[in-house]
Amino acid sequence: MTPAPPHGGAAAAGVEPASGAEPDAPHRHLAHTWQEAWQLAFDCATPVPAAPVALREALGRTLAADVEALVDLPHYASSAMDGWAVNGSGPWILAEPGQRLAPHQASPIVTGGLIPPGAKAVLRSESGTIASDEEGLPVLQLAGGAKPGEPRNGEHIRKAGQEAGAGEVLIKSGTPLNPAHLALAALAGHDSLQVVGKAIVRLVFTGSEVITAGIPQPGQVRDTFGPQLAGVVEMLGGICTGQTKIGDSYAEWLAALEDPEPAEDIAEAAAGQLPGRSAAEPLPADVVITTGGTGRSGTDHLRRSVAELGGRLLIDGIAMRPGHPAVLAELPDGRFIIGLPGNPLAAMMALSTIGAPLLAALGHRTLPQVTEVPCGSIIEPDPGRTRLMPFRLLYGMASPAQHTGPGMMRGLAAADGVLVVPPHGVQLGELVPAFALPWGAPLPDPAAAKDKPAPKRPARKPAGNGGPVDWSELLG
């Protein structure tokens with residue numbers, strides 16, 4: 001069961017009225033601090049159970065059960081060479097392929113071919129030649145380049161079970177699966193593998209003014225979520241199974257959240273023009289991520305849609321910027337709804353705050369790490385709000401990036417991480433909470449750097465008498 005959200009504001013109020021009416025409470029969006037939202041998004045979810053997936057879909061997943069060989073590997077004795085399967089010493093009378101070989105008989109065979117009954121070895125093609133006996137019948141003889149005693153019993157035969165026997169454990173539970181693991185599982189007779197659960201995520205993009213290609217005209221904006229959001233979800237541990245574009249009407253919003261599968265045309269579904277679901281239904285989503293619609297205007301329908309579907313708001317606004325209108329809700333069927341603001345940087349900060357912990361919890365992982373970095377500048381207080389600031393690491397210190405307005409992406413694109421600046425501000429050199437970007441390198445551990453011994457400097461050379469002065473030490 002989902003734990004109750006922390007006290008206060010919208011989280012304690014539960015579901016809002018279906019009409020979307022808001023009481024006069026301008027402080028409602030401050031119901032959760034950044035730390036509360038971060039922790040609640042992790043605590044509210046139960047890990048997705050393990051499930052079988054097809055081999056092609058298992059790459060990179062974590063194995064949830066040992067993989068055993070269902071048959072001997074290889075499961076039959078086969079030839080390791082092109083040539084002839086032979087019984088006894090030569091010359092050999094040629095027999096039909098596949099039949100039992102009597103002593104001094106041979107039959108052609110290719111690499112990987114089934115060793116016929118009675119065969120004792122394989123003679124390589126370059127070590128044999130076809131000649132005629134006294135009666136003019138074809139026989140197999142050793143060629144001039146054959147080695148003495150060739151072939152020895154068992155030579156060039158891959159025995160059944162040589163690699164593994166049936167029932168032998170080939171891959172241990174808990175192993176992250178690489179391509180070679182998938183090939184081994186296929187050889188062992190498996191079509192699917194039991195893997196640790198991950199959240200299935202569906203994306204719902206909103207906004208009739210958004211275009212997906214070309215240069216936007218005044219009043220239009222270019223889609224920034226389509227190119228990046230699915231990739232970020234995968235980096236955070238989710239599996240993105242589809243995306244849907246809707247307009248700004250309440251009917252479209254309700255249809256998009258009501259149906260756990262992506263519809264071909266949500267607008268038609270909202271108008272009742274689609275007769276029913278496709279016969280080939282994708283897996284239902286564990287999480288639906290929406291963009292836009294989290295404000296308080298007449299075209300923002302997320303809260304009203306959640307209430308209409310019987311859901312509840314777990315987080316309704318966070319005391320942070322950018323991204324304070326972020327929403328986390330849960331529907332009666334167990335799906336989570338993450339409502340991201342419409343501005344791209346604000347959306348990414350909201351996704352980092354509630355999406356990263358939620359997907360980690362659903363995917364059997366720990367709460368993402370928040371470390372500390374020394375701040376390279378003074379950041380003034382902003383009472384009541386945490387600020388998330390993309391930063392660059394310069395000389396080991398975090399310098400807030402430029403171009404970090406809510407609708408900008410330039411600063412984040414060049415950033416090394418994100419500062420979590422407390423409301424009281426930061427002094428120069430002070431340690432500040434920070435987290436790495438999903439696509440970036442881990443942030444350095446300041447404690448480890450502090451414990452690292454400083455490199456020894458070479459002793460200064462005494463100044464020579466009457467000679468030229470060596471200034472190089474001043475540049476070291």
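Below is a table of values for the structure above.
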item	result
Gain in span if fully extended, Ser192 to Ser173, counting 0.36 nm per residue against the direct Cα distance	5.4 nm
In nm, spacing of pseudo-spin labels at Thr129 and Glu380 (7 Å Cα→C-beta vector)	9.6
Ratio of Rg to Rh over the range 152-232 (Cα coordinates, Kirkwood Rh, two decimals)	1.36
Accessible-area order (highest first, 1.4 angstrom probe) of the listed residues Asp191, Asp66, Asp333	Asp191, Asp333, Asp66
Amide H within-cut-off set for His32, under 5 Å, with H built and near neighbours excluded	Ala319
Area accessible to solvent at Lys198, 1.4 Å probe radius, in Å²	60
Where labels lie 7 Å past Cα in the beta-carbon direction, separation of Ser208 and Asp66 in nm	6.1
Label-point gap, in nm, between Arg410 and Gln141 - each point 7 angstrom along Cα→Cβ	8.5
Tail beyond 23 Å, pair distance distribution of the range 106-262 (Cα, percent)	68
Where the Cα pairs of the range 276-352 fall when distances are cut into 5 Å bins, in %	3, 16, 25, 22, 17, 10, 5, 2, 1
Cβ-Cβ FRET estimate between His403 and Glu155, R0 fixed at 56 Å, reported to 0.05	0.20
Computed E for Leu431/His364 - FRET, C-beta separation, R0 25 angstrom, nearest 0.05	0.25
Hull-based mean projected area of the range 130-174, where the convex hull spans the alpha carbons, in square nanometres	6.4
Solution diffusion estimate, µm²/s, Stokes-Einstein, the range 337-402, Kirkwood Rh from C-alpha pairs, 10 °C, viscosity 1.306 mPa s	113
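The values are calculated or read from the model by the stated rules, or taken from the named source; none is laboratory data. As the structure is a computational prediction, the values presented were derived from the model and not from experiment. Here the Cβ is made from the backbone with ideal geometry for all residues, glycine too, and neighbour counts use every protein chain on show. With ligands, DNA and RNA removed, areas are computed over all heavy atoms of the protein, side chains included. Shrake-Rupley method; radii C 1.70, N 1.55, O 1.52, S 1.80 Å.
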